[in-house]
Amino acid sequence: MPLTYNILFTIIIFLYGIVVGSFLNVLIYRIPKHENIATKRSHCMECGYQLKWYDLIPLFSYLFLRGRCRKCGARISVQYPVIEAVNGILWVLTFLKYGLSIETLLYCLLFSALLALSVIDFRTYEIPVGFNIFILVLGVVRVATDYRNWLQYLIGLVSVSLFLFAIFAISKGRGIGGGDVKLMAVTGLLLGWKLNLLGFVIGCILGSVIHIIRMRVSKEGRTLAMGPYLSLGVAISVFFGDFIVNWYMSFFTA
Ligand SMILES: [Zn+2]
C-alpha cells in the first residue's frame, strides 16, 4: 500500500479509535451504576450542565477546555481523555501490525472491550457479563472467517478456562472470579490456544509482581482484580506473541 494511503488510514483509524474511546467512558461510568447507556445526556458531574456537541469531541474538547467544565469550571476527570487516547493508540498499533484485515477489526474491538472491562474490574472487582458476551461474538466471527483452523480456537476456548474453572470450583470463587474464567474462555476462542495461553501466563506474572509491589507501597488489600492484568497479558500476546513463541521455540530447534 502506498505510504500516503497508510498515513491517511492511520489518521482515520485514530479518529475512529478516540470516538469509540469516548463511548467506552460512558460504559465505564454507567454500567456499574446500572444507568441507561443510550438515553441519558452527558452532563457535568458538579453543576449538571448538559454538554453540547462541541463539548463532546473526543480528546480535543478536553484539551481545548483545559480539563474544566465550560460553565462552572469544575475539573473534568483526566480519565476521559486518557481512555480516548489509549483506545486510539491501540487501534493504530493494531492496524500497523495487522494491516487492513479482519484481524485488525476483531482485535481493535477486543482491545476496546478489554480496556473498558479492566477499568470497571479495577474499581468494582467485577467484569460485567456483557463484555464477555461481546468478545464471544468476536470469537465466533473469527472461527467463521478462519474455519480451517477451527480446532486451534476450540482448544483455546477450553484450555485455560477449564484450568481456571477448577480453581474457581475448588476455592469456591475465592481463588479467582467467575468473570476471569469466562474472559479467558472467550479470548481463547478469539486468539487460539497458543496466544491465549501466552497471554494468560504474561498476565499472571504481571499480576503477581505488580500486586505485590502495590501491597507493599500503597498498603493495597489482598483482593486482586485479575481482569486488568489478564487483559494486558492478552494485548501483549496479540502484539508480540508470534515473536515470543518463535524465540522460545528456537531453543528447541537449534
Ligand atoms: Zn459544571
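Assorted remarks:
- Cross-link partners of LYS40 among lysines (Cα-Cα below 26 Å; sequence separation of 8 or more within a chain): LYS52, LYS71
- Each Lys or Arg adds one and each Asp or Glu takes one away; over the other residues whose Cβ falls under 13 Å from the Cβ of PRO32, this sums to 0.
- You can think of it this way: the chain between THR124 and ILE244 has 39.9 nm of extra reach, that is 0.36 nm per residue less the Cα-Cα gap.
- Across the chain, Cα-Cα pairs more than 34 Å apart make up 23 percent of the total.
- Residues of the chain were split at every exposed loop site, defined as GluC sites (Glu not before Pro) in a DSSP loop with at most 14 other C-beta atoms within 10 angstrom, and the longest piece left, sites excluded, is 47-219.
- Residue with peak Gaussian network fluctuation, the chain [Cα springs, cutoff 10 Å], from VAL217, VAL26, VAL86: VAL217
- Kirkwood hydrodynamic radius of the range 1-100, Cα pairs, Å: 14.7 Å
- As a proxy for reagent exposure, ranking THR187, THR124, THR94, THR104 by other Cβ atoms within 10 Å from fewest up yields THR124, THR104, THR94, THR187.
- Solvent-free Debye scattering, log10 I(q)/I(0), computed from the Cα coordinates of the range 126-254 at q = 0.11 Å⁻¹: -0.41
- Spatially proximal lysines relative to LYS194 (Cα-Cα < 24 Å; intrachain offsets below 8 disregarded): LYS97, LYS182
Bear in mind that the values in this text are calculations on the coordinates, not laboratory data. Given the structure is predicted, the values throughout are model-derived calculations rather than measurements. A quick note on method: Cβ atoms are made from the backbone with ideal geometry, for glycine too, and the neighbour counts reach across all protein chains shown.
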